Every structure is written in C-alpha cells, then in structure tokens.
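Structure record follows, encoded as structure tokens.
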Amino acid sequence: MVQRITVLGAGSWGTAFAKVLADAGRDVTMWARREEVAGEIRDRHTNSGYLPGIDLPDRLTATHDPGDALSGAEAVVLAVPSQSLRANLSGWRELLPSGAVLVSLAKGVELGTLKRMSEVIAEISGVSGNEIVVVSGPNLAREIAQGQPAGAVLACTDHDRAVAIQQASFNSYFRPYTNTDVVGCEVGGAAKNVIALSCGMAVGMGLGANTTATLITRGLAEMARLGTKLGADPLTFAGLAGVGDLVATCSSPLSRNRTFGERLGRGETLEQAQAAAGGQVAEGVMSCTSIRELARKHGVDMPITDAMHRVCHEGADPRQAGAELLGRRQKHEWS
Ligand SMILES: NC(=O)C1=CN([C@@H]2O[C@H](COP(=O)(O)OP(=O)(O)OC[C@H]3O[C@@H](n4cnc5c(N)ncnc54)[C@H](OP(=O)(O)O)[C@@H]3O)[C@@H](O)[C@H]2O)C=CC1
Ligand SMILES: O=C(CO)COP(=O)(O)O
C-alpha cells in the first residue's frame, strides 16, 4: 500500500486532492511555493487563499522546502499549472525518491513542444511513461474539498500502478476508476477547459441552454477527433475524463475557465479577466493555442478551439467569433 504521499503545489486542486488522500488514510505532505501558505496549512489546517472555509485534516502537513516535502515519498503528486510544470519539475528532479509513482493533476498541453503533461514529466524526470498516473474527471476542487461525491479516472498504461493510486485515494466521497488510456484522458482534460471558455463566453453574451448544449456536444466531437487521431480509445470520451469533466466544467460557475470566458463574453478584456482570476490558473487560455497547433499538426478540425484562440490571442470579438462558427460550411453531423 502506498502510504506516504507528497503533493507538490498548494493551489485549489493540489490542496483538495491532498485532502482526498488524507481522508483516505494516507500520510500527506504538501509543498507550497510561499512559506505563508505552507505555514497556514501546517499550523491552522486551512488554505484560505484557495479554499476559504474548508478545514483540512490534521494528518495533512506542509512545507516550503521541496527536499523536506519529498523525503521518503512513495508517490509524488504534481499539482502546479501546466505551463509551469517543466520549470518546476526541473528544479525537483534530483529530489524525487527513486521508485516513487509520479501522479499528474495538470490539465493542459505545453505551448511550443505541444506535449501532454505525462510526456513532459517523462522527459524531465527520466521515468518511463508507464510509471506516471494521470488524474482526470469532473473534479471541481471546491466541491471535492467539501466532501461532495464524485468519480474520477486514474489513467496509467501500467494497470497495477493505477490500482496502487486507486487504493491510496478512494474514500467515502471520492470514487476513482482505473483506465489505461492516458492519451484520451489527457486530451479530454486539456480540451474541455477550452470548451468551458466558449460556454462561459456564451453565458456572458446572454445566451441560453441550447447554445451551451451545442458547444458542449460539438466540443466533445472535436476533442474526440483529436484524441482518436493521437491514438486514444474513443470510449474514453464517453467516460468521466471526457463528457463527465466537460459537462461539469462547462456548467459550473465554480469553473475558472467558464468564469473567465463569461467575463470575456460580457466585454471584459483578457487583462481584466486575468486580474479577476486573482492568480488562479484558467488553463484553457493557454491551451487553446497549443491544442490548436497540435490539431493543425495532425490535420484535425477543431473550430471551437480555433475560435477561442482568436478571441483570447488575436483580439477577435466573441460575437464575431460566434458568427463565424455558425457561418462555416454546412456538413453532416459526423463528418
Ligand atoms: N481547480 C480545480 O478544480 C482543478 C484543477 N485541475 C488542474 O490542476 C492543475 C493545478 O490547478 P490548481 O491547483 O487548481 O491551480 P491554482 O492556480 O489554484 O494553484 C496553482 C498552484 O501552483 C503553484 N505554482 C508553482 N509554480 C507556479 C507557477 N510558475 N505559476 C503559477 N503557479 C505556480 C501556485 O503557487 P502560488 O500560490 O504561490 O501562486 C499554487 O500553489 C491545473 O492544470 C488545473 O487545470 C484539475 C482538476 C480540478
Ligand atoms: O478541471 C476542473 C474540473 O474537473 C476544474 O476546472 P477549472 O480549472 O475551469 O476550474
């Protein structure tokens, strides 16, 4: 049984997932970038900047020192934003205990390299891909931290490693399933953030359920097109890491990506929406660019992702982007 687990990153999901592990009976140490955050988790058992009003378990501790955090860890959970994972992990590489299972929480595709997060982790840490477990699914951090029931997917090409983390993380409110389709789970997790931006934008423009349902469904079609082209199992997109996460993120006002899109849809600038996010990551804002490039590289059509890139990075007006989406050539639903 994996008992001693380190979580590197003390933001919303890192903290909520650390609580999941502690509530499952594991000994958990978190690393926080800022000493005051580590001190608050350690001494007051709260992380008020990210999860206000949530009490953290006593058995969960935290430090600002990555060496102390990683000492003796049997599993290491990487809980920093996608675009910072390479730099952070490069700093931790020499400290990783040999044989520890690496667990990835990040949902994104790296700008420039167009790598999925498990590919970045394998490259930097030197461990093989089948030693990395990817966590995905409908897991809005605040709801999980409140103990609201949810399923999740633990994806690893080595089934036994996924089972080890499943045993280490299941508790009365968190029900993780295993899956060997790492590509599908990672593509689903990254792409749904972009679709959530579009749904938020529609809501911000005053549009209703028909529009958001259309974006969710056609978003699912485009993420499945990309995933299957990259070798994913199409069934993954019907599961928790596909439609499950997509629906949760596109529907919930708790989603940072949906909220970010809503602000853009109301006419705020990218800078205003970023300021309102208070430093918390809306991964879709960067991933719309990397996923668009990945899709182009593989000849896959992703019109909603393309539209989000134009709004976020080329100054397109959300209404104009919407009109262009509707004005594309007429086609069969599954072509
Ligand atoms: N929040 C959620 O509901 C869920 C999030 N995820 C995914 O998990 C990953 C982590 O998300 P989450 O914990 O929510 O993110 P947050 O933005 O809430 O927190 C990010 C954490 O990473 C730290 N950090 C370290 N290096 C950097 C850096 N260079 N830039 C920014 N932050 C840095 C931050 O430190 P500091 O506080 O000092 O800034 C903070 O502890 C993301 O990929 C996200 O998509 C997945 C499922 C659910
Ligand atoms: O990944 C998530 C839910 O599964 C969280 O989404 P946001 O980053 O948009 O809050």
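If the condition is being under 22 Å from Q280 (Cβ atoms) and out of contact with any Ser or Thr (no Cβ under 7 Å at 6 or more places or on another chain), then region 63-76 contributes H64, P66. Out of region 240-276, which residues are in a loop (DSSP other than H, G, I, E, B) and either buried (at least 16 other Cβ atoms within 10 Å of the Cβ) or more than 9 Å from ligand 1 (Cβ to nearest atom) (or both)? Within region 240-276, S252, P253, S255, R266, G267, E268, T269 qualify. Among residues of region 259-289 being under 20 Å from L207 (Cβ atoms) and acidic (D, E), the one that is nearest to the chain's Cα centre (by Cα) is E262. Please determine whether any residue of region 227-234 is crowded, with 16+ Cβ neighbours inside 10 Å and touching a Cys at 6+ places or on another chain (Cβ under 6 Å). So far as region 227-234 goes, no, none of its residues is crowded, with 16+ Cβ neighbours inside 10 Å and touching a Cys at 6+ places or on another chain (Cβ under 6 Å).
This table checks each residue for (1) touching a residue at least 40 places away in the same chain (Cβ under 8 Å); (2) more than 16 Å from ligand 2 (Cβ to nearest atom); (3) closer than 22 Å to A164 by Cα; (4) buried (at least 19 other Cβ atoms within 10 Å of the Cβ).
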residue	(1), (2), (3), (4)
L60	yes, yes, yes, yes
G72	yes, yes, yes, no
S82	yes, no, no, yes
L85	no, no, no, yes
L105	yes, no, yes, yes
G108	yes, no, no, yes
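Looking at V203, V163, just one residue is β-branched (V, I, T) and either buried (at least 24 other Cβ atoms within 10 Å of the Cβ) or under 30 Å from R310 (Cα atoms) (or both), and that residue is V203.
A202 satisfies every condition listed in (1) in the same structural domain as S82 (by TED's automatic domain parsing); (2) touching a residue at least 40 places away in the same chain (Cβ under 8 Å) except (1). For region 75-95, filtered to residues that are more than 11 Å from ligand 1 (Cβ to nearest atom) and in contact with a strand residue (DSSP E or B) (Cβ under 6 Å, 6 or more places away or on another chain), the residue that is farthest from C288 (Cα to Cα) is A75. Taken as a whole, the structure leaves R310 outside the set of residues that are within 18 Å of the chain's Cα centre (by Cα), without any contact (Cβ under 8 Å) to a residue 24 or more places away in the chain and assigned to a helix (DSSP H, G or I). Without any contact (Cβ under 8 Å) to a residue 60 or more places away in the chain and buried (at least 23 other Cβ atoms within 10 Å of the Cβ) - does that describe any residue in region 1-15? No, that holds for no residue.
In this structure, does A24 turn out to be more than 14 Å from A168 (Cβ to Cβ) and either outside the structural domain of F174 (by TED's automatic domain parsing) or touching a helix residue (DSSP H, G or I) at 6+ places or on another chain (Cβ under 9 Å) (or both)? The answer is no for A24. Of all residues in region 177-197, those being within 11 Å of ligand 1 (Cβ to nearest atom) and not charged (D, E, K, R) number 4. If the condition is being more than 21 Å from the chain's Cα centre (by Cα) and either of a type in the set (K, R) or part of a helix (DSSP H, G or I) (or both), then region 196-220 contributes A202, V203, G204, A209, N210, T211, A213, T214.
The values are calculated or read from the model by the stated rules, or taken from the named source; none is laboratory data. Because the structure is predicted, anything quoted here is derived from the model rather than measured. So basically every Cβ, Gly included, is an ideal-geometry build from the backbone, and we count neighbours across all protein chains shown.
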